[in-house]
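Report on the structure given below.
The values are calculated or read from the model by the stated rules, or taken from the named source; none is laboratory data. The shown structure was predicted, so the numbers you read here are calculated from the model rather than taken from an experiment. Using ideal geometry, Cβ is built from the backbone for each residue, glycine included, and neighbour counts are taken over all protein chains shown.
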Amino acid sequence: MKRLLACILALICLAGVAGAEALDRNTLFEFYEDSVFFGDSVMHDFRRYRSGIRQKDESFLPDVDMICTTSISLYEGSRRYVSDDHYFQFRGVKSSMYKLAKMVKPSKVFVLLGMNDPVGVRIDNSLIYIQDIIDGMKEFVPEAKVYFFSMTPITPRYCLQRKRPEYQEQLNEYNRRLKALCEEQGVGYIEIAEPLKDADGYLNMEYSSDEVCHLNSAGMDVWVQAMCDYAQEQYELDQWIPRAELFKVREETPEGD
Amino acid sequence: MKKQWFVIALCCLLSCFALCACAETVEEEPHPLTEYVLSIAQDGEELIHLTEDDLLDLIGIEPQEYTDFVYLAATNALTGREIIVLKAVDEEAAERLAELLQAYLEQRMNEMRNYLPEVYQILSKAEVLRKDLTLVLSMAAPTEDEPLLLLEPVELPEEAAADGV
């Protein structure tokens with residue numbers, strides 16, 4: 001009996017050691033704390049999804065401000081001035097994303113825009129707007145790290161409605177070039193498109209709320225998992241240290257360093 | 001000796017189960033205003049509950065301006081479906097809240113005007129209603145009388161009130 005218990009304890013210890021590198025979800029959410037997310041209707045749904053979950057679980061993506069305008073395009077969002085029709089609004093203030101970011105003073109800025117543009121058709125122009133956002137954030141919130149989400153996939157119905165039969169392939173190319181630009185500029189790129197796709201490379205209908213381009217809660221779950229995977233990757237690349245480990249490092253650092 | 005080990009292991013296992021049972025979340029106390037709104041809104045069960053942070057971030061309404069609120073919205077923002085009920089702290093606050101709600105309604109309509117014209121048409125029927133310190137903004141309501149019902153609670157007969165209905 002003693003040997004059996006000893007074996008069970010040893011197995012538990014081994015399992016603990018093997019899983020040490022995989023951070024738990026709440027720790028991974030720390031990566032996104034003190035941040036602001038800018039987006040359009042896709043992000044607006046994500047905001048409501050987050051609010052719904054946080055009703056019962058306050059540990060879910062805490063300390064995140066989400067600023068969304070339903071119909072705003074990448075072009076309109078990248079501008080430093082606002083028009084009467086298109087602006088971001090936060091706490092009663094209508095302004096550009098740059099001024100609102102400056103108001104919030106986050107440590108990280110996340111952006112998902114482009115569903116209201118033909119980014120797949122006008123890739124060069126769209127990447128100019130992305131560069132404008134990178135430059136604008138450097139100027140207004142120089143201390144903040146900037147990240148772009150990949151464009152989420154669309155369904156064949158979207159392609160039919162917009163008369164763009166190859167648009168998903170064009171979006172794929174846009175995402176490839178967006179990723180390259182982010183790497184070149186030293187900003188983050190978070191891949192959320194691939195896990196949302198079906199076998200044919202379109203938005204998986206199981207994840208779609210409108211069978212066009214918006215996500216349901218199952219799709220949002222996938223989005224959140226992709227965010228967690230990204231945070232885990234940053235941890236493994238030593239690009240981010242979770243709070244618990246940061247305190248541990250400070251305790252181990254000898255005095256005078 | 002073997003029996004002792006077995007008993008200890010069994011006690012540990014039972015303790016674990018007991019602790020898990022104790023970890024259940026405590027039921028929230030009912031909120032009368034929310035319950036009333038849900039009794040009026042036919043689709044109330046499908047709406048998510050937004051918080052005072054959402055009131056502040058989305059509409060610019062500060063917590064010190066109201067004594068009570070309900071903020072419900074559809075998970076799909078493109079439906080335009082939202083219900084906001086506020087009890088202002090005083091007359092001045094009520095006027096400010098009315099302006100903020102009106103600005104918010106106009107913002108949502110602007111977003112939809114060219115993007116989803118059919119939703120724009122639905123939102124254009126919404127208006128900010130006010131009676132004394134109570135304000136209501138009901139957008140894309142499934143029934144025409146929902147906004148007024150939210151603003152003017154039906155007076156219950158005395159016997160129904162006594163029964164707790």
note = Exception for B:Thr79 within (1) free of Cβ contacts under 8 Å to residues at least 60 places away in the same chain; (2) over 20 Å from A:Val93 (Cβ atoms); (3) more than 8 Å from chain A (Cβ to nearest Cβ) falls at (1)
query = Given the conditions (1) away from every other protein chain (no Cβ under 14 Å); (2) touching a Phe, Trp or Tyr at 6+ places or on another chain (Cβ under 6 Å); (3) under 18 Å from A:Leu113 (Cβ atoms), which single one is not true for A:Leu171?
reply = (2)
request  = Output the strands (runs of 3 or more DSSP E) that fall wholly within the range A:84-192 and possess 3 or more residues being of a type in the set (S, T, N, Q), or say none.
outcome  = none
inquiry  = Looking at the range B:88-95, can you tell me whether even one residue there is within 10 Å of chain A (Cβ to nearest Cβ), under 20 Å from B:Asp54 (Cα atoms) and surrounded by 20 or more Cβ atoms within 10 Å (Cβ to Cβ)?
reply    = no
task = Note down all Cβ pairs under 8 Å where the first residue falls in the range B:97-124 and is in contact (Cβ under 8 Å) with a residue 24 or more places away in the chain, the second is assigned to a helix (DSSP H, G or I) and basic (Lys, Arg), and they're at least six residues apart or on different chains.
result = B:Leu123/B:Arg108
Sole residue being within 14 Å of another protein chain (Cβ to nearest Cβ) and either touching a helix residue (DSSP H, G or I) at 6+ places or on another chain (Cβ under 9 Å) or closer than 24 Å to A:Glu33 by Cα (or both), chosen from A:Leu215, A:Leu181, A:Leu203, A:Leu237 = A:Leu215
request  = State all residues of the range B:114-163 that are at positive phi and either at pLDDT 95 or above or among the β-branched types (Val, Ile, Thr) (or both); if no residue qualifies, say none.
outcome  = B:Ala140
ask   = Restricted to the range A:54-101, and to residues that are within 11 Å of chain B (Cβ to nearest Cβ) and of a type in the set (Ser, Thr, Tyr), which residue is surrounded by the fewest Cβ atoms within 10 Å (Cβ to Cβ)?
value = A:Ser83
Residue list for the range B:59-76, restricted to those being facing chain A (nearest Cβ under 9 Å) and under 10 Å from B:Leu100 (Cβ atoms) = B:Ile59, B:Gly60, B:Ile61, B:Glu62
task = Return the total of residues in the range B:105-145 being under 24 Å from A:Asp40 (Cα atoms) and outside any loop (DSSP other than H, G, I, E, B).
result = 19
remark   = Restricted to the range B:96-128 and to residues being surrounded by 18 or more Cβ atoms within 10 Å (Cβ to Cβ) and of a type in the set (D, E, K, R), the residue nearest to the other protein chains (Cβ to nearest Cβ) is B:Glu111
